[in-house]
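One structure below.
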Amino acid sequence: MAWQQRQAQQPELWLVIVDASASTRRHQALAQTKGLLAQLFDQAYRQRARLALLTASGRGPQWQRHGLKASAALQPWLHALGAGGGTPLIAALEQARDWLQLRRKRHPHELQRCLVFTDGRLQHWQSVLPMPCATCLVDMELAPVRLGRAQLLAAQLQADYQHIDRLKRLN
């Protein structure tokens, strides 16, 4: 009988930033995003990835989780996730960038990924710096007249851009 040494996978961290501002309530954007997040959390669990969750709503960004293993404990948070208030997305991106850079120093072998869910309906913002890891921005704008600001934000973040409609068709 020959034993095979199991190769350890590179540990992964998925940082998920969710724009939960009042505008995401329109046209069921947040509800559809919650469905995608449930699938994402399940995938993270199966791949043994760690998750960090940051919501952007109200007066400022709020950390929900800091790099813990994905588990069923995320379901109550996901179910309770609601929309309201302003859009502190730029502040959330800045906090996330700083947190990722600090985490990279503590976990240099960890593969980091960032997913940003937003409808892009921000008032005004200065140019933003890219995240220090591979990033995907999911545009959840579902209004009949779309402003397309999420595409501009994705370009500034140097992020892969996907619209939620396209992702729903792939699943």
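The values are calculated or read from the model by the stated rules, or taken from the named source; none is laboratory data. Just so it is clear, the model here is predicted, and its values are computed rather than measured. When we count neighbours, we look across all protein chains shown, and the Cβ atoms used for this are built from the backbone with ideal geometry, even at glycine. Just the protein is used for accessible areas: all its heavy atoms, side chains included, with ligands, DNA and RNA removed. Shrake-Rupley method; radii C 1.70, N 1.55, O 1.52, S 1.80 Å.
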Checklist line | Longest to shortest principal axis, alpha-carbon extents of the chain, angstrom | finding: 65, 31, 26
Margin query: Compute, for the chain, the length of the dipole vector about the Cα centre, with Cβ point charges of +1 (Lys, Arg) and -1 (Asp, Glu) only. Units Debye, rounded to 20.
Written below: 340
Check: If you place +1 on the Cβ of every Lys and Arg and -1 on the Cβ of every Asp and Glu, how big does the dipole about the Cα centre of segment 64-146 come out, in debye to the nearest 20?
Finding: 380
Next item on the list: Keeping every protein chain in place, order Arg113, Arg121 by accessible area at 1.4 Å, biggest value first, i.e. largest first.
Entry: Arg113, Arg121
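Arrange the residues Arg48, Arg97 by how much accessible surface each exposes, largest first, with a 1.4 angstrom probe.
On the way: Arg48 175, Arg97 25 Å².
Greatest to least solvent exposure: Arg48, Arg97.
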Next item on the list: Could you pull out every residue, at least 5 positions away or on a different chain, whose amide H is within less than 5 Å of the one on Gly60? Hs are placed 1.01 Å off N in the peptide plane, and Pro or chain starts have none.
Entry: none
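Rank Glu94, Glu110 by accessible area, highest first, at a 1.4 Å probe radius? Show your work: numbers first, answer last.
Numbers: Glu94 95, Glu110 15 Å².
Largest to smallest exposure gives the sequence Glu94, Glu110.
Per residue, how large is the accessible surface of the chain? Use a 1.4 angstrom probe and give square angstrom. Don't skip to the end; give the middle numbers.
Details: 9800 Å² over 171 residues.
Accessible surface, normalised per residue, equals 57 Å².
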Next item on the list: Show the residues, 5+ positions off or on another chain, whose built amide H is closer than 5 Å to the amide H of Gly67.
Entry: Leu51, Ala52, Leu53
Check: Summing Lys, Arg as +1 and Asp, Glu as -1, what charge do residues with Cβ under 10 Å from the Cβ of Phe117 carry, Phe117 excluded?
Finding: -2
Check: How are the Cα pair distances of segment 102-146 distributed, in percent, across 5 Å bins from 0?
Finding: 5, 16, 18, 22, 15, 11, 8, 3, 2
Notebook entry, point to check: Hull surface divided by four, with the convex hull built on the Cα atoms of segment 121-160: how many nm²?
Noted result: 2.9
Notebook entry, point to check: Roughly speaking, to the nearest percent, how much of segment 1-103's 1.4 Å accessible area is carbon and sulfur?
Noted result: 49
Checklist line | Percent of C-alpha pairs per 5 Å bin, segment 35-102, short to long | finding: 4, 16, 24, 23, 21, 11, 2
